[in-house]
Each structure stands twice: as C-alpha cells, then as structure tokens.
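Worksheet: the structure to be examined is printed underneath.
The values are calculated or read from the model by the stated rules, or taken from the named source; none is laboratory data. Quick caveat, the model's predicted, so the values are computed rather than measured. FYI the Cβ positions are ideal-geometry reconstructions off the backbone, even for glycines, and counts take in every protein chain you see.
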Amino acid sequence: MSEPLVVIGNGMASARFVEELGKQALGRYSVLVIGAEPTLAYNRVLLSSLLAGEVEAGDIELKSKSWWRSQGVTLVYGRRAVTIDPAARTVALEGGACIPFARLVLATGSLPIRLPKPGMDLPGVLTFRDHDDVAAMLAATGPATRAVVIGGGLLGIEAAHGLARTGTHVTLIHLMDRLMERQLDREAANLLKRALEERGITVLLGADTAAIEGDGCVEAVRLADGRVLAADMVVSAVGIRPNAELARSAGLTLGRGIVVDDQMTTSDPAIHAIGECAEHRGICYGLVEPAYEQGQVLARHLAGKAAAYAGTVLSTNLKVSGVPVFSAGDFIGADGTEIIVWRDPGLGTYRKLVLRDDVLVGAVLFGETGDGLWYLDLIRRGEPLGRLREAVVFGRALAEAA
C-alpha cells in the first residue's frame, strides 16, 4: 500500500517537490496537495508580467490539470488547511474534512509584511503577492490613477513596473539609499534607477513612510520629512515573512520560520518543510532557487536515498522591469578581495566581479546577463581561476578561448 503523503501549499516549491518525488519514489506515496488559492500552482515571478498585460493568467500556470492527474496526485485547492494534529497524524480543512497522513510536507510559503504605520488598513492599500492582489490592482488602474509603491526591493520594483505599463502614474519610494540593496551594488542600483525613470516611474530614495492618509479611502502618503504624495492606491511591497502559523499551532519548533535539518525535517520526524516557510541553519530564503533545491533534497530523502541540503549560494538572475540583472555571492567585496569592473556606457551594461585569492566569490551584472549562470557555477565551485583570470570579466566565450 502507498503511504499517504499530504502537501500543504500549492505553489512553486510544492509543484517542484511533487515532480521530483515522482521521479525518485514513483508509487511509494499516495500524494494529496492542499492549496488555499482557487487556482492551479502558478509562477509568482510572472505576476508583474500578468499585471502589465504581457501574459495571460493561463500562461503562468506551472503544470496543467492533466499533468497532476498523470502523476497520480489528488488536488484540493480553494480550501485552507486550518489545523494539524501531529499525534493523530491528520490535517483539518475548512468545512470540516479531516485528512490522514503518514508524511506531511509544509510548503506554505510566505506572507507580505505591512508596515506598522497609520492608515495601512484603509481601502486602497494593497499588497503584491498573489492573483487576487493583481486583480485588485487592475480594477483600480488607469491613466488618471496615482499609485505609490512602498519598497524598492525586487517585489516593489516589479509592482511599479507592472502598474506603469497600465498607464498608471507611479511613484516608487524606498527607505534605503539605493534600490535592491540586497542584490545590487551602488553603481548597478543607480543604473536600474535611471532605467525605471526612463519608463516614467518616479523614484524617491531615503523616503520614510510616516502614514497613509485619507477619509475612508487612500488619498495620500505622508513621508517622515513632511512631503505629501497624492495617491489613489498604495502598494506595500516591503518584504515577506514565513507563513508558519500552522506549524506554530502544531507545536513545531520555530525560529523566524519552521526550523528544519539538512533533510528538510522539522522537530516532528513525520513532518517536513520546504521553501519560504522553512528556516535552515538560521536562514529563511525568499527566492525560488533554494525552494527548488530543498524540494529535490526532500524528494530524494523520502525515496530512501542519501540527500542533504547544505544551503544555497544566493543569486538573482531576472529581468527587472525589462532590464536584465544578475548578482551572486559577495557582490560588494569584503576586506581582502579584489574587484574587477567592466563598463560599456553606450550599451548600458555593467559587470563587476569580486575575487579572493584568485577565486571568484561574487558578481554583479546589469544590462547583459548571459554569463550569469557561468559565473554562479564558478562561485559555487570555489576553485582558482587559473588561466581564466585574465579574461574572466569579458565572459565565458573569451575567457575559455584565451
């Protein structure tokens, strides 16, 4: 008999895990996936493109219904898991259904953070995390709409880009002195700011939100320095936090997220966690690649094969508002490192590599990122560059031909 395996969460981490489990342990488990959203799993990275009208809702589906059926997976979506009983090995759903499990995988993702500022509960203050958020934004957009996006990280920039493509007047405000400070150095961030402004987005740095103002609905954003920005819509995109409430109520060990070991197992040996809800070695990853790697490790482990997750060298390789950017590793450059920079102002490209003792430890690319994954592989290998050293900044083709 197949063991009942229940996955709570029907997002990107869950879909990849189920795919890998099918490859590693075909027939060993009877898999049921529970999703709170009334949709099939979809690519959240493309929500900005959906908002901008560049893709349709069906285009961002990760897997079709027929694929899930072919995997022998039972899907229960549009219903929320409300409690876990670790002793009885059951999951209770909205509406009263109770589902037994032998193994449980938590892939509950994350929740958007709302700033603890006055007026954040006004109608017209939105987040940018799922299909419903996109639908709410689209319902309020138009040439006469004034939107203020709070947060100059990846999520905020993507929200600003998507809104601007609808014809909305967008102001992006960010507390820090540069955009995407966790992924880009100052020069790349300045290039990104210029690119956003060329797309009609007003960017305000060092801007601290004091309050959202309005009489019954959003009318303005007041900054700590006294400036007031007229607004019909406010999008809060200041970060995410692990969605760990189910795990908390089940008595699992928590830090910032659900604490797991190298096999993605929680404090209960029958319960596992992957993706943005999980905390591994003190780190909660908010990116897709670590979630995929964790899903692969867990699938192998549940198939009875040796597998261990040792963490992920963080990298970003995306088109932010249509502009390719890439970063990985120590892209700032700690003490004792050597920095190599290549610029082409005419093409609007920038490349910075960080070396320590002839080993590549970090990279930032802006405008042209075709060699990004090659640089990431060099960083992960941690080997001396040797003969690649002289031409490595010019990319793989020239460096390997030198």
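Kindly indicate the residue of segment 333-373 that is crowded, with 16+ Cβ neighbours inside 10 Å and among the aromatic types (Phe, Trp, Tyr) and also nearest to the chain's Cα centre (by Cα) among those meeting that condition.
Once the filter is applied, the top-ranked residue is PHE366.
Quick check on my filter: what residues within segment 76-133 are under 18 Å from the mean Cα position of the chain (by Cα) and farther than 30 Å from VAL148 by Cα?
Listed by number, the residues that qualify are LEU106, ALA107.
Among residues belonging to segment 95-118 that are in a strand (DSSP E or B) and hydrophobic (A, V, I, L, M, F, W, C), point out the one that is nearest to VAL218 (Cα to Cα). So that I can check it myself, show each step before the final result.
Within segment 95-118, the first condition is being in a strand (DSSP E or B), and the residues that meet it are 98-100, 103-106, 110-112.
When the remaining residues are screened for being hydrophobic (A, V, I, L, M, F, W, C), the result is 98-99, 104-106, 111.
On the way: CYS98: 42, ILE99: 43, LEU104: 42, VAL105: 40, LEU106: 36, LEU111: 22 Å.
Checking each candidate, the answer is LEU111.
Suppose we keep only residues that are touching a Ser or Thr at 6+ places or on another chain (Cβ under 9 Å) and part of a loop (DSSP other than H, G, I, E, B) within segment 145-159. Which one would you say is farthest from GLY322 (Cα to Cα)?
That would be THR145.
For segment 216-228, which positions are surrounded by fewer than 22 Cβ atoms within 10 Å (Cβ to Cβ) and modelled with pLDDT of 95 or more?
GLU219, ALA220, ARG222, LEU223, ALA224, ASP225, GLY226, ARG227, VAL228
Please go through segment 85-122 and give me each residue that is buried (at least 18 other Cβ atoms within 10 Å of the Cβ) and in contact with a Phe, Trp or Tyr (Cβ under 9 Å, 6 or more places away or on another chain), ordered by number.
ARG89, VAL91, ARG103, VAL105, ALA107, PRO112
Give the residues of segment 253-280 that are assigned to a loop (DSSP other than H, G, I, E, B), over 19 Å from the mean Cα position of the chain (by Cα) and without any contact (Cβ under 8 Å) to a residue 40 or more places away in the chain, sorted by residue number.
THR253, GLY255, ASP261, SER267, PRO269
ALA291: closer than 14 Å to PHE17 by Cβ and either under 14 Å from the mean Cα position of the chain (by Cα) or among the small types (Gly, Ala, Ser) (or both), yes or no?
Against the criterion (closer than 14 Å to PHE17 by Cβ and either under 14 Å from the mean Cα position of the chain (by Cα) or among the small types (Gly, Ala, Ser) (or both)), ALA291 qualifies.
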